[in-house]
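Colleague: Please read through the structure below; I'll follow up with questions.
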Number of protein chains: 4
Amino acid sequence: MSHPKFTPDQFRVLFDWPVQWGDQDLFGHVNNTVYFRWFESARVDYLHRLGMARLHGDEALGPILAHIGCNFRRQLQYPDTVRIGTHITHIGRTSMTIEQALWSTAQNLALAADVTSTIVLFDYNPQKPIHVPENIRRQIEELEGRKLA
Amino acid sequence: MSHPKFTPDQFRVLFDWPVQWGDQDLFGHVNNTVYFRWFESARVDYLHRLGMARLHGDEALGPILAHIGCNFRRQLQYPDTVRIGTHITHIGRTSMTIEQALWSTAQNLALAADVTSTIVLFDYNPQKPIHVPENIRRQIEELEGRKLA
Amino acid sequence: MSHPKFTPDQFRVLFDWPVQWGDQDLFGHVNNTVYFRWFESARVDYLHRLGMARLHGDEALGPILAHIGCNFRRQLQYPDTVRIGTHITHIGRTSMTIEQALWSTAQNLALAADVTSTIVLFDYNPQKPIHVPENIRRQIEELEGRKLA
Amino acid sequence: MSHPKFTPDQFRVLFDWPVQWGDQDLFGHVNNTVYFRWFESARVDYLHRLGMARLHGDEALGPILAHIGCNFRRQLQYPDTVRIGTHITHIGRTSMTIEQALWSTAQNLALAADVTSTIVLFDYNPQKPIHVPENIRRQIEELEGRKLA
């Protein structure tokens, strides 16, 4: 099973994360909700590199998740370390598209899941989306090493 | 904001669930991972009504999540009770499509999220998908009150 | 197994909570971390009745957990509904002692766990404990129906 | 604030774990339930080193948590990496006492929490505690480098 679109070398931002025993559910594999926690952590790590959002409670501005779609391709078990690749593939007026892939170290970096998210930059005070600032766009393009539509 | 496709009266199986204070994250709203836990609980509740899966650890047979896509439409906060509608909209050879919608009681049953999942019936012993048994199909059609392709 | 100290009629504040399938871990019972989430929810519910803390992110004042000790007496499984009793048994200068007990409906209200917590009233701005205000003490004594040392 | 009993050099088994953004709650610090997940992961890591329990769902034998008591000494925030020390301080007939301490890298290894747990070796088939086997006792004493009462 090879996925040319989802190999680690196509991501500039990689994030390794150990599996916890308690991530597993009654079926003996990592529960689906845990993947979303991991993907969130990898997105936060990505945004931190941009300095895009302090992501703290006293901040009025932050990214908000509008859509997320995930393909679960392999079951995961403890012990393992997952590697997550995160990149932004599209920047719109108020939103961005993020693609992420997750590989299992214990399974020779087989693709275990991939996910596409839409996040909206949000001002919590007027509770309104805001335009993606030009300097943020430039920082993302620099991090990704290419122009983004 | 009305969504003709996602109103409670279009779901025969409804499931109410209270929001916990700890479901909220630093941004002051329910964290995205919690929605997936709720949707899982509502799916399990649905499957229990069918007697389709004992869903216990010693069972070799169970549903496995292959894909899930979620639209987040409204932020949620404690205290609230969410109502989740679950129905199966398609039955394939080894998979089923489940649609779910989530409304907020505190926001006058406004739609807060909707989700589409693909689950595969899975035999954990040979680690292979199995065909949806005919009696399961009939039970689902009876619960839904209509024929399913 | 009877615990004269931990029967539902010795608690004025009771809180029912449904077990989720995903609360269970690989061992086939509810994971220990879930008990602490439930106890937290029951404490928040108790504090809400007092109006003691808005418990929101923009509040500078809130309760902080200093110690918690839990006896796990019975394993729990889905489906079940747990009942949690919460009462304050001692009020100090800056801290309060909370006792909680948890019974399983599916096991005829057998005691499944009991917990003792110390919480400190905390002002997050100077990051200092504060004295328990006299009106809070009075509200608690009214709720508990007795004087508290 | 120095705790002579809880310094990293007094533990032979140390376990580092990164804090996730989503571990934080509305109060802007890591939620108490997360500590218990971390302590569980560190205990599982310890037991794995002993080969004491495969800790899988199909195992009839496993450790069960009977009591846990935790002192929360410092608030934690993302980003940080916590270091957890785990040792067994007492072995009884069917139970063991585990002490754990947790330090914050971001706070110069200040002690953030310490916890004492009692675990019982449990045979899930007859649902009974079992005696701690002599070879397990010897492995633990070897790992700890001292005789245990």
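Values quoted throughout were computed directly from the atomic coordinates according to the rules given, and no laboratory measurement underlies them. Quick caveat: nothing in here was measured; it's all calculated off a predicted structure. Here Cβ is always computed from backbone atoms with ideal geometry, including for glycine, and neighbour counts include all displayed protein chains.
Colleague: Which whole number gives the average count of other chain Cβ atoms within 10 Å of the Cβ atoms across peptide A:12-24?
Modeller: What the average comes to for A:12-24 is 4.
Colleague: Residue by residue through the stretch B:95-101, which ³J(HN,Hα) values in whole Hz follow from phi under the Karplus form 6.51 cos²θ - 1.76 cosθ + 1.60 (θ = phi - 60°), with glycine and proline marked x?
Modeller: 3J(HN,Hα) across the stretch B:95-101, in whole Hz: 10, 9, 9, 10, 10, 9, 10.
Colleague: Could you list A:Tyr124, D:Tyr35 so that the one with the fewest beta carbons within 10 Å of its beta carbon is first and the one with the most is last?
Modeller: A:Tyr124, D:Tyr35
Colleague: Moving to a separate point now. Using Cα pairs closer than 8 Å and at least 6 residues apart in sequence, work out the relative contact order for the stretch D:10-144, in percent. Each step should come with its number before you reach the end.
Modeller: Details: 249 pairs, mean separation 37.1, N = 135.
The normalised contact order for the stretch D:10-144 reaches 28 percent.
Colleague: Now a separate question. Please compute the average number of Cβ atoms from other chains found within 10 Å of each residue's Cβ in peptide B:28-41.
Modeller: Whole-number average of other-chain Cβ neighbours for B:28-41 is 6.
Colleague: Two decimals is fine: what is log10 I(q)/I(0) at q = 0.12 Å⁻¹ for the stretch A:8-144, from a Debye sum with one equal scatterer on every Cα and no solvent?
Modeller: Reported log10 I(q)/I(0), two decimals: -0.50.
Colleague: Moving to a separate point now. Add -39500 (n - 2.57) for each DSSP H run of 4 or more in the protein assembly as shown, then divide by its residues: what number comes out at 222 nm, to the nearest 500 deg cm²/dmol?
Modeller: Numbers: 8 runs with 120 residues, N = 596.
For the protein assembly as shown, the value works out to -6500 deg cm²/dmol.
Colleague: Let me ask you something else. Taking a cut-off of 23 Å between Cα atoms, list the lysines near C:Lys5, but don't count ones fewer than 8 places away on the same chain.
Modeller: Here the lysines satisfying the reach criterion relative to C:Lys5 are C:Lys147.
Colleague: What angle, in degrees between 0 and 90 and rounded to the nearest 10, separates the Cα long axis of helix A:134-144 from the longest principal axis of the Cα atoms of chain A?
Modeller: On a 0 to 90 degree scale, this one is about 30.
Colleague: List the distances, in nm to one decimal, from the label point of A:Thr105 to the label points of the same position in every other copy, shortest first, placing each label point 7 Å from Cα along the Cα-to-Cβ direction.
Modeller: 1.4, 4.3, 4.5
Colleague: Further question: So how do A:Ser117, C:Ser104 line up by other beta-carbon neighbours within 10 Å, fewest first?
Modeller: Ordered from fewest to most neighbouring Cβ atoms within 10 Å, A:Ser117, C:Ser104 come out as C:Ser104, A:Ser117.
Colleague: From the gyration tensor of the Cα coordinates in the protein assembly as shown, what semi-axes in whole Å does the equivalent ellipsoid have, largest first, with each one equal to sqrt(5λ)?
Modeller: Three semi-axes, in Å: 36, 30, 28.
Colleague: Tilt of helix D:32-50 relative to the longest C-alpha principal axis of chain D, in degrees (0 to 90, nearest 10)?
Modeller: 40 degrees
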